[in-house]
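Participant: Could you have a look at this structure, given as structure tokens, before my questions?
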Amino acid sequence: MSGTLTPVSRWAVVTTGLLSLIGLGLSLYLTIAHFRGTSILACSETGAVNCALVTTSKYSRFLGMPVAVLGLGHYAVTTVLNSPWAWRSSQRWIHLARVGLALVGFGFILWLIAAELVFLNHICLWCTGVHVVTLALLLVLSRVSPSQLGWAGANA
């Protein structure tokens, strides 16, 4: 593992920045809906798509904390870590934190997707938006971070 950081392509900086802002916006909307009530959710409440059922279920909390608030915190930090300033940083821990947070976020959405599909038999479109953004971020980072961090066997 090398101590030198290789700059990443501009497309990665722009893409991760935009995805982070989208995730932040979706998470903010879900957090507001959590505290103001599901009546503000622009989503179906019948059939397989039922945002109200998903966002008020027992799976909408993790260790007593609303998942929407956790998502908002996740995307607030993710947005900072994917800012152009953070990408230009020479501090290795920032780049490792970016990858680590993306992995933790992806692991958490796998649990949330399982809860929606297996236990609730309903999905929330807004939540799915956050899940797609989280996956997209992980895919971009898996493409650029190994070579940036100098990990053995990384391809540019």
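Rule-based calculations on the coordinates, nothing more; no lab input. As the structure is a prediction and not an experimental result, all values here were calculated from the model. Positions of Cβ are generated from backbone atoms using ideal geometry, with glycine treated the same way; all protein chains shown enter the neighbour counts.
Participant: If you line up the Cα atoms of the range 75-141 on their principal axes, what length do they span on each, largest first, in Å?
Facilitator: If we take the Cα atoms of the range 75-141, the spans are 46, 18, 17 Å.
Participant: Next question. What is the spin-label model distance, in nm, from residue 35 to residue 92 if the labels are put 7 Å beyond Cα along the C-beta direction?
Facilitator: Label-label distance for residue 35 and residue 92, simple model: 4.0 nm.
Participant: Assigning unit charges at the beta carbon (Lys, Arg +1; Asp, Glu -1) and nothing else, what dipole magnitude in debye, to the nearest 20, does the chain show about its Cα centre?
Facilitator: On the way: 8 positive and 2 negative charges, 76 e Å.
Here the size comes out at about 360 debye.
Participant: Still on this structure: Under the √(5λ) rule applied to the eigenvalues of the Cα gyration tensor, what semi-axes describe the equivalent ellipsoid of the chain? Give them in Å, descending. Can you show the working numbers first?
Facilitator: Values: eigenvalues 212, 43, 32 Å².
Calculated on Cα positions only, the semi-axes equal 33, 15, 13 Å.
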